[in-house]
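Asker: Shown below is the structure under consideration.
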There are 2 protein chains.
Amino acid sequence: MIEPSIALFGEAFEEASRVLERLLEETQARYALLVDRKGFVLTHREALWAPPPPALDSIATLVASNAAATQALADLLSEDRFSEIVHQGKDQGIYVEQVNELALLVVIFDKDAPIGRIKLYGKRAAALLDRITKKATVDAGARKRNIGLDREYRDSASAMLDDLFGEA
Amino acid sequence: MIEPSIALFGEAFEEASRVLERLLEETQARYALLVDRKGFVLTHREALWAPPPPALDSIATLVASNAAATQALADLLSEDRFSEIVHQGKDQGIYVEQVNELALLVVIFDKDAPIGRIKLYGKRAAALLDRITKKATVDAGARKRNIGLDREYRDSASAMLDDLFGEA
């Protein structure tokens with residue numbers, strides 16, 4: 001079975017969750033997720049006023065898949081990395097910031113939320129989460145490995161895309 | 001074999017290429033591509049001053065893959081679609097705009113290029129390309145089908161991700 005690269009237990013889990021909670025308060029965003037680059041939700045928080053969240057596991061897998069493809073695009077253009085990603089829809093948007101080579105920060109916000117503020121506090125939260133997740137890395141070697149997709153991850157992402165797109 | 005959904009020949013090809021050429025002149029961007037959502041380059045243009053382009057076929061596949069995952073994210077959040085996508089690197093950036101359910105417009109630009117101008121003229125070019133590609137659709141039914149990934153496409157995207165990430 002595919003396993004997350006980061007094991008967030010006990011104090012590290014509480015600490016990471018508090019960072020997300022504070023980020024929600026600072027930005028008035030709906031949901032904040034700390035996501036393993038393999039597509040696992042490590043911890044997440046919802047604003048008190050927010051409606052029940054959408055399928056966060058699916059969002060985590062798609063965001064991780066997108067981040068890997070975007071990194072490949074950056075490599076092709078000889079860029080070290082691309083900056084944060086913002087997708088803005090009619091009513092909601094998603095902001096994705098790199099925490100480090102193992103994790104991503106995802107913030108889902110309403111159309112009225114202040115994007116500049118989300119970026120500013122998002123980057124600060126990502127720096128805090130970088131410190132917390134590095135201490136919780138499962139495999140010390142993983143920190144040094146390049147970001148990659150393993151076969152199991154891709155198979156599970158493919159299966160989910162099948163579901164989402166209703167393909168046979 | 002997987003085939004593009006759009007066959008751009010003769011006049012339609014020339015017309016689409018002229019739209020890209022004009023877009024490069026208007027925006028001072030480096031490269032402009034019209035890409036099938038299955039990942040094929042339909043036509044592309046380079047600015048006269050631009051260095052030889054990176055692997056445009058790989059860029060097309062990754063952009064198409066990203067667009068499909070982004071559409072899945074939009075569906076999960078009950079958004080009709082997300083607006084255009086901009087990835088900004090240290091030296092270069094990528095702008096992706098939806099042409100229609102079959103094609104994407106991709107613009108690669110230098111860090112000094114005016115993003116607002118690229119978005120403005122990019123949207124106008126996308127509207128022109130929408131008209132041109134709709135006339136060149138291979139399968140009349142394709143226009144009505146939902147955006148999807150077929151198995152062959154995913155297999156070829158997986159194989160390329162393997163190459164790019166150096167996985168076995």
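FYI, it's all coordinate maths here, none of it is from the lab. Every value quoted in this text rests on a predicted model; they were computed, and no experiment measured them. In this analysis, Cβ positions are derived from the backbone assuming ideal geometry, glycine residues included, and neighbour counts consider all displayed protein chains.
Asker: How big is the dipole moment of region A:2-119 about its Cα centre under a simple scheme where the beta carbon of each Lys and Arg is +1, that of each Asp and Glu is -1, and everything else is neutral? Debye, nearest 20, please.
Answerer: Values: 11 positive and 19 negative charges, 62 e Å.
It works out to roughly 300 debye.
Asker: May I ask you to report, in nm to one decimal and beginning with the shortest, the distances from residue A:134 to the same position in the other copies, taking label points 7 Å along Cα-to-Cβ?
Answerer: Distances between equivalent label points, in nm: 5.3.
Asker: Which chain A residue hugs the A-B rotation axis most tightly by its Cβ, and what is that distance in angstrom, to the nearest whole number?
Answerer: A:66, 3
Asker: Mind giving me the FRET efficiency for residue B:14 and residue A:91? R0 is 45 Å, r the Cβ-Cβ distance, nearest 0.05 is fine.
Answerer: 0.65
Asker: According to the square roots a ≥ b ≥ c of the eigenvalues of the Cα gyration tensor, what is the shape class of region A:1-67, taking rounded for a/c under 1.5, prolate for a/b larger than b/c otherwise, and oblate for the remainder?
Answerer: Working: a/c = 2.20, a/b = 1.29, b/c = 1.70.
It comes out oblate by the Cα gyration axes.
Asker: Among A:90/A:119; A:111/A:135; B:38/B:90, which pairs are too far apart, with a Cα-Cα distance over 25 Å? It would help to have the intermediate numbers written out before the result.
Answerer: Working: A:90/A:119 19 Å; A:111/A:135 35 Å; B:38/B:90 29 Å.
A:111/A:135; B:38/B:90, as the Cα separations exceed 25 Å there.
Asker: If you don't mind, another one. Label residue B:57 and residue B:7 with points 7 Å out from Cα along Cα→Cβ: what is the distance between them in nm?
Answerer: 2.1
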